[in-house]
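Structure first, commentary second.
The values are calculated or read from the model by the stated rules, or taken from the named source; none is laboratory data. Computed from a predicted model, the values in this text were never measured in an experiment. All Cβ positions, even for glycine, are placed from backbone atoms using ideal geometry, and neighbour counts span all protein chains on display. Ligands, DNA and RNA are excluded from the accessible area calculation, which covers all protein heavy atoms including side chains. Shrake-Rupley method; radii C 1.70, N 1.55, O 1.52, S 1.80 Å.
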Amino acid sequence: GLVTFSLAIDSDGDRVVPAYDRDVFIMMHRRLFTRAEGESVRPDGLIIVNAPEVPPELSETGRRIAAVDADTIAREYNLARASVPNLSTVMTGALACLCNDVDYDALENAIREAFPRLITPNLRALRAGWKAVRTVEAVSS
């Protein structure tokens, strides 16, 4: 079955659960979407979903929606364990693309430090997530 975990980090860097009034919600699988999850994102917030295109049910949230096919990208760069793709680096690339204040070079350096044995596939997945993200301005229902 699917597992859902909500975590918010406030401006002081403290973890706060449950999450509401989110600026960004990253959805690793579109089946995790519920109306409550959509409503937990601020009206001017962003939802990023792992999907080739923005699913129609998300466009009804009134939030800005971004889609990136992280499953395909992760598999393309062999970022999988036991045939389950590791989506984190791809989704980080998508998020970084949509944030105006991200220093891409600093992000690449962080990847180099975090994944010393898998630098190349992770850097490629990061760039692919950055380039592949698609956004739409959702309309209120």
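Summary table
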item: For the range 16-85, with +1 on Lys and Arg beta carbons and -1 on Asp and Glu, the positive-most of 41, 55, 83 along the dipole; result: 83
item: Accessible-area composition of the range 56-116, carbon plus sulfur, in percent [1.4 Å probe]; result: 47
item: Extension gain, residue 35 back to residue 119 (0.36 nm per residue minus Cα-Cα distance, nm); result: 26.5 nm
item: Cα gyration tensor category, rounded, prolate or oblate, for the range 72-139 with a/c compared to 1.5; result: oblate
